[in-house]
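Here's the structure we're looking at; comments come further down.
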Amino acid sequence: MDNPDKNQTQNLRAIIDVGSNSVKLLVAEVVDGVVRPLVHEGQQTRLGRGVFETGKLEAESIAATAFVAGRFADKARKLGAVEVKAVATSAAREARNGMDLIEAFRDVNVPLMIIDGQREAQLVLNGVRSHPDFASGPLAIIDVGGGSTELLIADDKGLRFQQSFSMGTVRLMEKYPTSD
């Protein structure tokens, strides 16, 4: 019988980012705080479709998102990731039925945490700081997502200003549909 842990290394990690528009996978080697990406891919599932108007995630979007996350987690584990985590952002945190998404992820063996805007901003900063070119010095970052946009200002001492705005591509396209 194949041992799923045989290829794992202590330095290989995977994160699945569950946004309002897409699911993204990053598998990376992490050594002394430096992240070396090995696999980076994404797939649109439109989890946030309708949620900003109705307040609920659609069952079809939940199922599609969990399926993709499960496939990404399997891929990461086969590559040897010792740890696979998933975080969900704007659409999931605003939905009244976010627990349905967490349960769907449990069914595909992927632990999911729905994070608030402050945590999202901190993770964005951590990700940017993990690149050697941006490891120190002042930074201004704008992270435009499907449901929210985070504005961050940081210096060598850490995050100095953070604001999460309820404004993203999915939200705006649904509120102001294109005419052609």
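The values are calculated or read from the model by the stated rules, or taken from the named source; none is laboratory data. Quick caveat: nothing in here was measured; it's all calculated off a predicted structure. Cβ placement follows ideal geometry from the backbone for every residue including glycine, while neighbour counts extend to all protein chains displayed. Ligands, DNA and RNA are excluded from the accessible area calculation, which covers all protein heavy atoms including side chains. Shrake-Rupley method; radii C 1.70, N 1.55, O 1.52, S 1.80 Å.
Number of residues in segment 147-180 that are loosely packed, with under 12 Cβ neighbours inside 10 Å and β-branched (Val, Ile, Thr): the value is 1. Criterion applied to Val144, Val128 was being closer than 17 Å to Leu25 by Cα, open to solvent by 20 Å² or more (accessible area, probe 1.4 Å), modelled with pLDDT under 95 and of a type in the set (A, V, I, L, M), and the one residue passing it is Val128.
Per-residue answers, yes or no, for (1) aliphatic (A, V, I, L, M); (2) open to solvent by less than 10 Å² (accessible area, probe 1.4 Å):
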| position | (1), (2) |
| --- | --- |
| Leu38 | yes, no |
| Gln43 | no, no |
| Val51 | yes, yes |
| Ala59 | yes, no |
| Lys75 | no, no |
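Thr89 - would you say it is in contact with a helix residue (DSSP H, G or I) (Cβ under 8 Å, 6 or more places away or on another chain) and within 22 Å of Gly168 (Cα to Cα)? Yes, satisfied. Against the numbered list (1) in contact with a Gly (Cβ under 7 Å, 6 or more places away or on another chain); (2) surrounded by fewer than 16 Cβ atoms within 10 Å (Cβ to Cβ), Ala91 comes up short only at (2). Of all residues in segment 66-77, those being touching a strand residue (DSSP E or B) at 6+ places or on another chain (Cβ under 6 Å) and more than 17 Å from Ala28 (Cα to Cα) number 1.
Scanning segment 131-141 for residues that are loosely packed, with under 12 Cβ neighbours inside 10 Å and part of a strand (DSSP E or B) gives a single hit, Ala140. Residues in segment 136-180 that are farther than 15 Å from Glu120 by Cα and in contact (Cβ under 8 Å) with a residue 24 or more places away in the chain: Thr169, Val170, Arg171, Glu174, Lys175.
Condition first: modelled with pLDDT of 95 or more, in contact with a helix residue (DSSP H, G or I) (Cβ under 9 Å, 6 or more places away or on another chain), among the aliphatic types (A, V, I, L, M) and over 21 Å from Met167 (Cβ atoms). Can you find one or more residues in segment 26-35 that meet it?
Yes, the conditions are met somewhere in segment 26-35.
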